[in-house]
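**Q** First the structure, then my questions, so here it is.
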Amino acid sequence: MEVNLRALRARAPEHPAAARFGDVARWLTGRSDASAEEGIGWVADLRRALRVPGLSAYGLTAADVPALIEKAKAASSMRGNPIALTDAELTEIAERAMAAA
């Protein structure tokens, strides 16, 4: 979520999805003044509370990331992403997902 929001703000700030992050934050937190960042924090807190393991717990290593990025770029689910992410952004997501705990 954080990478997508940053990419939207940098390359497509007028895209409707950018404002939706604020809407989601308000729904998640129940606060009418919640920011997009607070919504992202809420999700991160939930992940920690539920003890969702990082992808490294399932065997993903740094050596696997380039192949993962290529598969991600070709996946049909990427068409639903609000903005095309760069290889660097996808790598950041993968690396952060490996370490999530």
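The values are calculated or read from the model by the stated rules, or taken from the named source; none is laboratory data. Here the structure is a predicted model, which is why all the values come from computation and not from measurement. Positions of Cβ are backbone-derived with ideal geometry, glycine not excepted, and every protein chain shown enters the neighbour counts.
**Q** Here is a check on your reading of the model: is Arg96 under 23 Å from Arg6 (Cβ atoms) and basic (Lys, Arg)?
**A** It is true that Arg96 is under 23 Å from Arg6 (Cβ atoms) and basic (Lys, Arg).
**Q** Next question. What about Ser32, is it among the hydroxyl-bearing types (Ser, Thr, Tyr) and part of a loop (DSSP other than H, G, I, E, B)?
**A** So Ser32 fits the description; yes.
**Q** Okay, next question. Among Gly30, Gly80, Gly54, which is surrounded by 14 or more Cβ atoms within 10 Å (Cβ to Cβ) and among the small types (Gly, Ala, Ser)?
**A** That would be Gly54, the only listed residue that is surrounded by 14 or more Cβ atoms within 10 Å (Cβ to Cβ) and among the small types (Gly, Ala, Ser).
**Q** Go through the range 48-65 and report how many residues are within 24 Å of Arg6 (Cβ to Cβ) and outside any helix (DSSP H, G or I).
**A** Residues that pass the stated criteria total 3.
**Q** Hey, another quick one. Looking at Asp45, Asp33, can you tell me which residue is within 20 Å of Val3 (Cα to Cα), modelled with pLDDT of 95 or more and acidic (Asp, Glu)?
**A** Asp45
**Q** How about the range 43-70: which of its residues are of a type in the set (Asp, Glu) and over 16 Å from the mean Cα position of the chain (by Cα)?
**A** Result: Asp64, Glu70.
**Q** I'd like to verify a number: residues in the range 76-101 that are part of a loop (DSSP other than H, G, I, E, B) and under 21 Å from Arg11 (Cα atoms), how many?
**A** Counting residues in the range 76-101 that are part of a loop (DSSP other than H, G, I, E, B) and under 21 Å from Arg11 (Cα atoms) gives 6.
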